[in-house]
Structures are given as structure tokens and as C-alpha cells.
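The values are calculated or read from the model by the stated rules, or taken from the named source; none is laboratory data. Keep in mind the model is a prediction, meaning the values are calculated, not measured. Quick reminder, even Gly has a Cβ in these numbers, built from the backbone with ideal geometry, and neighbours come from all protein chains shown. Ligands, DNA and RNA are stripped out before the accessible areas are found, and what is left, the full protein with its side chains, is counted by its heavy atoms. Shrake-Rupley method; radii C 1.70, N 1.55, O 1.52, S 1.80 Å.
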Amino acid sequence: MNHVDRFRAVMEFQTCDRLPAVEWAMWWSKTIERWQSEGMDPAHEGDFEIRDHFGLDPWPQYWINPYTEDTPSADHHGGEIIKDEADYEAILPSLYPDPAISEDDCLGWAEAHDKGECVVWITLNGFFWTPRQLLGI
């Protein structure tokens with residue numbers, strides 16, 4: 001059974017050789033550095049290389065979020081980006097990219113998906129996560 005067969009079996013409540021093995025919360029740079037100090041090949045630094053190293057299923061994850069490269073980030077984990085309406089108005093031009101999905105990013109995955117070779121995992125920043133990132137914890 002390959003990872004696509006396994007996914008389909010689980011979604012159809014059928015038996016399969018094992019459950020899909022995925023990691024939804026990608027690893028931090030410090031985690032990767034630690035693994036490399038413990039012997040993981042330094043060439044394993046991208047998401048797919050690390051997934052392969054640990055034997056995880058190769059599901060590409062596409063994040064759709066309201067930010068662009070120009071959107072500022074918080075000074076610290078859990079910190080706010082905006083404190084008031086003026087801050088929001090100031091960063092508004094950097095929010096809500098149009099289009100929200102890059103066609104170029106998705107073409108290869110779409111082709112592999114249509115051939116039955118790929119499970120594409122789409123993640124949306126929701127009604128909790130976006131305000132948490134903008135307003136802080």
C-alpha cells in the first residue's frame with residue numbers, strides 16, 4: 001500500500017496496513033540543528049527531506065493565509081503585530097494577497113494528484129489563528 005492508497009482507505013473507513021504518518025506542525029530551525037548535531041545528515045533540511053528521513057508520508061502541505069512577505073512579524077512568540085486600529089491600517093496593504101493561492105506552486109502537485117500519486121493537504125488560517133497572530137496571545 002502506498003501513501004495515497006492508505007489515505008483513501010482511511011477516508012473510506014477501510015482497513016489498511018498502517019495509519020498515515022504525517023507531521024502537521026513543521027519543525028523549528030533549532031530542532032533541525034539538534035537533529036543534525038545528533039547525526040542527521042545536514043542535507044536533510046527541507047520539509048520533504050526530513051519527512052523522508054523519518055519515514056513520514058510525503059504529503060505536500062499548502063498553507064493559505066492572509067499574510068504576504070511584507071507583513072511584519074511579532075517581536076517574540078505570542079507577541080502582537082498590531083496594538084490598535086492605526087497599526088491595523090498601517091499593515092493592511094500587506095494583508096490578504098490576491099490571489100491567495102499561487103498557481104505556479106500548485107501545478108506540480110495538481111499533476112501528481114490527478115495521476116493518483118499525491119495527497120495534497122490544504123491548511124487555512126482560521127478565525128482563531130489569524131487574530132492570535134495579529135493581536136498576540
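A few points about this structure:
- Taking chymotrypsin sites (Phe, Trp or Tyr not before Pro) as exposed when DSSP calls them loop and at most 16 other C-beta atoms lie within 10 angstrom, the chain has its longest site-free stretch at 55-126.
- Per-residue accessible area (protein heavy atoms, 1.4 Å probe) orders Thr15, Thr130, Thr31 as Thr15, Thr31, Thr130, starting from the largest.
- GNM flexibility winner over the chain from Gly126, Gly39, Gly79 (Cα, springs under 10 Å): Gly39
- Accessible area expressed per residue, the chain, with surrounding protein chains retained (probe 1.4 Å, Å²): 72 Å²
- Rounded to whole numbers, the Karplus 3J(HN,Hα) couplings from phi for region 49-63 are 5, 5, 4, 5, 4, 8, x, 7, 5, x, 8, x, 10, 10, 8 Hz, using 6.51 cos²θ - 1.76 cosθ + 1.60 with θ = phi - 60°, and x at Gly and Pro.
- Largest to smallest accessible area among His113, His77 [probe 1.4 Å]: His77, His113
- Accessible area (Å², 1.4 Å probe, nearest 10) - Ser73: 90 Å²
- Only DSSP H runs of four or more residues enter the estimate; each adds -39500 (n - 2.57), and after division by the residues of the chain the mean residue ellipticity at 222 nm equals -10500 deg cm²/dmol.
- Measuring nothing but protein heavy atoms, the accessible surface of region 42-135 at 1.4 Å probe radius is 54 percent carbon and sulfur.
- Read-out volume of the Cα convex hull per residue in Å³, derived from the coordinates shown; its label in [x] 160; [y] 119; [z] 131: [x]
- Relative contact order (%) - region 1-134, alpha-carbon pairs under 8 angstrom, separation at least six: 29 percent
- Area of Met1 that stays accessible when all protein chains are in place (1.4 Å probe, Å², to 10): 110 Å²
- Cα gyration tensor shape for region 1-55, rounded if a/c is under 1.5, else prolate or oblate: prolate
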